[in-house]
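S.K.: Quick one: the structure is below, questions incoming.
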Amino acid sequence: MLGIARQKMLEQSSKKIRPAVSMLRNYSSAAKEMTVRTALNSALDEEMSADSKVFLMGEEVGEYQGAYKITKGLLDKYGPERVLDTPITEAGFTGIAVGAAYYGLKPVVEFMTFNFSMQAIDHIINSAAKSNYMSAGQISVPIVFRGPNGAAAGVGAQHSQCYAAWYATCPGLKVLTPYNSEDARGLLKAAIRDPDPVVFLENELLYGESFPISDEVLDSSFCLPIGKAKIERKGKHVTIAAYSKMVGYSLKAAEILEKDGIDAEVINLRSIRPLDRSTINDSVRKTNRLVTVEEAFPQHGVGAEICACVVEESFAYLDAPVERIAGADVPMPYAANLERMAVPQVEDIVRAAKRACYRSVP
Amino acid sequence: MALSYLRSSSSRSVNLLKPLSSSLPLRRPISTDTTPITVETSVPFTSHQCDAPSRSVETNPKELLTFFRDMALMRRMEIAADSLYKAKFIRGFCHLYDGQEAVAVGMEAAITKKDCIITAYRDHCTFIGRGGTLLEVFAELMGRQAGCSKGKGGSMHFYKKDSNFYGGHGIVGAQVPLGCGLAFAQKYSKDETVTFALYGDGAANQGQLFEALNISALWDLPAILVCENNHYGMGTAEWRAAKSPAYYKRGDYVPGLKVDGMDALAVKQACKFAKEHALKNGPIILEMDTYRYHGHSMSDPGSTYRTRDEISGVRQERDPIERIRKLILSHDLATEEELKDIEKEVRKEVDDTITQAKESPMPEPSKLFTNVYAKGLGVESFGADRKEVRATLP
């Protein structure tokens, strides 16, 4: 009912494209900063404004303003026909969104966390990812599945899994893992514009973190390329490859390593599928040592794929075995001390990098 | 079956009494006569939460002859596919539709190509109904380039987007939420068209169906859920799978209609009614009471869970092609000879197309790597031995 009242108000008011800069009024004009939350919200806003085929669907995305407030203000601005609150029925609404994408619309589906995407995984894999191939190009699926992924804080075993490796296995999907606000804006805009199904894995604990942001990033046409990693920190002694929250941990680890004379190169993967194998290999050929870092379960994970890829392409350049830092191989415990042990910490990354460095043949 | 003639003052009405052969110069004896004829459906419709449409269906000689030819074509196509499968030209899965043809043709007669259809894996005849060609069917079944999915889909993955046929789905029940999504998009785009999402009695118990139906009813989507109830979900009879096999009632708050799915005119009437309803009032369920002569797929003889008497009984009493044949003959729209000629012609068309399809080559090896993405971004993909076979995705 409230939605209908809002829709009527909307019809009477005129819509403007609100530049993201206006959200920065609270920050100092000297250095522009933006939270990941605002970055995502502004990206959704701008893409919805630019293309009337883009619409949002998910639990609490509308009147509740988003379970994590990522979609705040968008119902008011675009109305209930474009921002749709769904019942708690992932299989049903994901299927509906994929069907809408078959017809040519551009849905952005929010999973409250990616743990719930398992209820809809058949539609993501069999209805979305494979359709372009099975139809020899007739049915493309321009859909984005987004939401928080991986561990939060104290939410227990059923609400903490990372799905990057699961989705990245499947040809036909693109899987993105933004770290900072620039990633969040640029990759989400790219995902919405991309004609293929994109799984966009955010991180709940990063939503509130603020990052510096340039004017270029604030422009409404800003987009990052899909499939390209970023060297967040240049170095020469060891490569640390990570995604999402672990990029931040890796950067902290690099600062600590510097004090011990180890100059680490930190790669922000940004894209798990396609994986930027050439950036990773170029870096390893320079440093000769590799540490992979992920929050997810270790077996058959992203780190395993990176290790295999480097062994296949750059074996002769490795001076030490590849080190893998990952979440503990157990369901996520609740007790704070056990939870801390179940997720990689900065000291784990430091230790692994040192191991990779002290294995050198003189 | 009660028949009535509409009195017309046009001279065309006289032609109905003359044998058609004397007025046909063409090689195909399809009448172009569109003089209305009213026919009663075999049984009245049973409704749930709505008023059933009338049993009297308006048709005409052209439509009846088109029904006959189209269903004969579909029947012959499926039987030919059976032989091709046994001769190992078709591999993997092959789910045949013979017996159910009336649903495909009756539906098409009530709608346009701007309305959408989505179905499961028993999709060969639905594809033909949407305007697909025999060559595209046989070539796809045999995995050749001339197939509708260029040989990359197979029996369960036929699509024809330009006439709004969205497949062709292997996962039981998945097509129903997808169909409701198509209806959502039609409403979003203000197209004033509807979507028919077909599913079987086996899929009717799927949770995602009810999830999608709930959302469709909440959002008033122009979605028509069509249960093609052939009474067996693979080898499981409906009464062993569903506590309530009254599938037209399973929508609860969503209205439903039970239809004789072996009567093409009843199907047409029901689909016309459903389209009007869906555009005004949101979702509706149609249950088509139909029957498949073959087993679930080519690996199922179809006689371990049903008796041969039952199968031949349905063929005797309810065959959809025979019903139309009787209607055409009793209205003198064509002679028995002419109908047999149509069947012979259709058989030849199928045989010739199979020969043509066999000549279509298999896809080029490079096609292994095409269409993974709509926009491949130039990324690398790998074959089984990645040091041996690599490709850049277009």
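S.K.: Count, for each residue of B:202-212, the Cβ atoms from other chains sitting within 10 Å of its Cβ, then give me the mean as a whole number.
M.R.: The per-residue average across the peptide is 4.
S.K.: On to the next question. A:MET118 accessible area, nearest 10 Å², 1.4 Å probe?
M.R.: 80 Å²
S.K.: Here is a follow-up. Roughly how big is region A:152-231's charge dipole about its Cα centre, with Cβ charges of +1 (Lys, Arg) and -1 (Asp, Glu), in debye to the nearest 20?
M.R.: So the magnitude is around 260 debye.
S.K.: Determine the order of A:GLU295, A:GLU347 by accessible area, beginning with the largest, at a probe radius of 1.4 Å.
M.R.: Of A:GLU295, A:GLU347, the descending order of accessible area is A:GLU347, A:GLU295.
S.K.: Something else about it: Enter the Cα centre distance for the pair region A:246-294 and region A:39-90, rounded to the nearest angstrom.
M.R.: 35 Å
S.K.: Just the number, please: buried accessible area between B and A, total of both chains, 1.4 angstrom probe, nearest 100 square angstrom.
M.R.: So the total buried area for this chain pair works out to about 4100 Å².
S.K.: Just to verify a number: what accessible area does B:GLU78 come out at with the full protein assembly present, 1.4 Å probe, Å² rounded to tens?
M.R.: Using a 1.4 Å probe on the heavy atoms, I get roughly 0 Å².
S.K.: Averaged across orientations, what area in nm² does the convex hull of the alpha carbons in region A:243-340 project?
M.R.: Across all orientations, region A:243-340 yields a mean hull projection of 7.0 nm².
S.K.: Next question, about the same structure. Can you give me the % of accessible surface on region B:318-394 that is carbon or sulfur? Probe 1.4 Å, all protein chains present, nothing else counted.
M.R.: 52 percent
S.K.: So how do A:TRP166, B:TRP239 rank on accessible area, 1.4 Å probe, biggest first, that is with the largest at the start?
M.R.: These residues rank, largest area first, as B:TRP239, A:TRP166.
S.K.: What three numbers, in Å, describe the spread of the alpha carbons of chain A along their principal axes, ordered from the longest?
M.R.: Answer, in whole Å and largest first: 75, 52, 42 Å.
S.K.: Calculated FRET efficiency, B:ASP191 and B:LYS375, Cβ-Cβ r, R0 25 Å, to nearest 0.05?
M.R.: After rounding to 0.05, the efficiency reads 0.45.
S.K.: Something else about it: Using 7 Å Cα-to-Cβ label points, what is the A:LYS69/A:ALA152 separation (nm, one decimal)?
M.R.: Placing both labels 7 Å along Cα→Cβ, they lie 1.4 nm apart.
S.K.: Would you mind putting B:321-332, A:127-138, A:280-291 in packing order, based on average other-beta-carbon counts within 10 Å, highest first?
M.R.: Per-residue mean Cβ counts within 10 Å order the peptides as A:127-138, A:280-291, B:321-332.
S.K.: Arrange the residues B:MET77, B:MET234 by how much accessible surface each exposes, largest first, with a 1.4 angstrom probe.
M.R.: Sorted descending by solvent-accessible area, the residues read B:MET234, B:MET77.
S.K.: Separate question: Have a look at region A:186-229 and report residues whose accessible surface goes down by 30 Å² or more when the remaining protein chains are included, against the chain on its own, probe 1.4 Å, ligands and DNA/RNA excluded.
M.R.: Buried by the other chains: A:PRO195, A:ASP196.
S.K.: So what is the accessible area of region B:213-370 per residue, in Å², with the probe set to 1.4 Å?
M.R.: The answer is 45 Å² per residue.
S.K.: Using packing as a proxy for protection, rank B:86-96, A:101-111, B:377-387 so that the peptide with the highest average count of other Cβ atoms within 10 Å comes first.
M.R.: A:101-111, B:86-96, B:377-387
S.K.: Evaluate E = 1/(1 + (r/R0)^6) for B:LYS358 and B:PHE93, where r is the Cβ-Cβ distance and R0 equals 22 Å; express this FRET efficiency to the nearest 0.05.
M.R.: Between B:LYS358 and B:PHE93 the formula returns 0.65.
S.K.: OK, next. Kirkwood Rh over Cα pairs of region A:66-186 into Stokes-Einstein at 10 °C, 1.306 mPa s: D in µm²/s?
M.R.: The Stokes-Einstein estimate is 102 µm²/s.
S.K.: Averaged over its residues, how many other protein chain Cβ atoms are within 10 Å of peptide B:140-153's Cβ atoms?
M.R.: 2
S.K.: Starting from the Cα of A:MET118, step 7 Å toward the Cβ, then list every residue of region A:160-183 with an amide N under 15 Å from that point.
M.R.: It comes to A:160-167, nothing else.
S.K.: While we're on this one: Not counting ligands, DNA or RNA, and with a 1.4 Å probe, what is A:VAL199's accessible surface area in Å² rounded to the nearest 10?
M.R.: 0 Å²
S.K.: Using only Cα atoms, locate the centre of region B:176-251 and the centre of region B:380-394, then give the distance between them in Å, rounded to an integer.
M.R.: Centre-to-centre (Cα) distance: 41 Å.
S.K.: Next up: Could you tell me the center-to-center distance, by alpha carbons, between region B:52-81 and region B:307-334 in angstrom?
M.R.: Using only Cα atoms to place each centre, the spacing works out to 12 Å.
S.K.: Please work out the FRET efficiency for the pair B:ARG306 and B:LYS86, using the Cβ-Cβ distance as r and a Förster radius of 30 Å; give the result to the nearest 0.05.
M.R.: 0.90
S.K.: Still on this model: Taking all protein chains in place and a 1.4 Å probe, what share, in percent, of the accessible surface of region A:147-282 do carbon and sulfur account for?
M.R.: 51 percent
S.K.: Any chance you could run the full-extension gain for B:ALA52 through B:LYS113? It's 0.36 nm times the residue separation minus the Cα-Cα distance, nm to one decimal.
M.R.: 19.4 nm
S.K.: When Cβ neighbours within 10 Å are restricted to other protein chains, what is their mean count per residue of peptide A:116-129?
M.R.: Partner Cβ neighbours, averaged per residue: 2.
S.K.: Quick check on my link table: of B:LYS113/B:LYS187; A:LYS77/A:LYS174; A:LYS252/A:LYS354; A:LYS130/A:LYS174, which ones sit more than 19 Å apart, alpha carbon to alpha carbon?
M.R.: Correct reply: A:LYS77/A:LYS174.
S.K.: Moving to a separate point now. Tally up the carbon and sulfur contribution to the accessible surface of region A:27-113 as a whole percent, 1.4 Å probe, everything protein left in place.
M.R.: Ligands and nucleic acids excluded, carbon and sulfur reach 51 percent.
S.K.: Can you tell me the orientation of helix A:36-50 relative to chain A, as the angle in degrees between its alpha-carbon axis and the longest Cα principal axis, to the nearest 10?
M.R.: Helix A:36-50 and the main axis of chain A meet at about 50 degrees.
S.K.: Further question on the same structure: When the accessible area of each residue in region A:57-95 is compared between its chain alone and the complete protein assembly (1.4 Å probe; ligands, DNA and RNA ignored), which residues differ by at least 50 Å², being lower in the assembly?
M.R.: A:PRO87
S.K.: Ranked highest first by average number of other Cβ atoms within 10 Å, how do B:196-204, B:161-169, B:334-342 line up?
M.R.: So the peptides B:196-204, B:161-169, B:334-342, ranked by packing, come out B:196-204, B:161-169, B:334-342.
S.K.: Separate question: Roughly what % of DSSP beta bridges within the protein assembly as shown run antiparallel, to the nearest 5?
M.R.: Roughly 30 percent of the DSSP beta bridges within the protein assembly as shown come out antiparallel.
S.K.: Any chance you could tell me what percent of the C-alpha pair distances in the protein assembly as shown go past 36 Å?
M.R.: Within the protein assembly as shown, distances greater than 36 Å cover 50 percent of Cα pairs.
The values are calculated or read from the model by the stated rules, or taken from the named source; none is laboratory data. As the structure is a prediction and not an experimental result, all values here were calculated from the model. A quick note on method: Cβ atoms are made from the backbone with ideal geometry, for glycine too, and the neighbour counts reach across all protein chains shown. Keep in mind that these areas ignore ligands, DNA and RNA; they rest on the heavy atoms of the full protein, side chains included. Shrake-Rupley method; radii C 1.70, N 1.55, O 1.52, S 1.80 Å.
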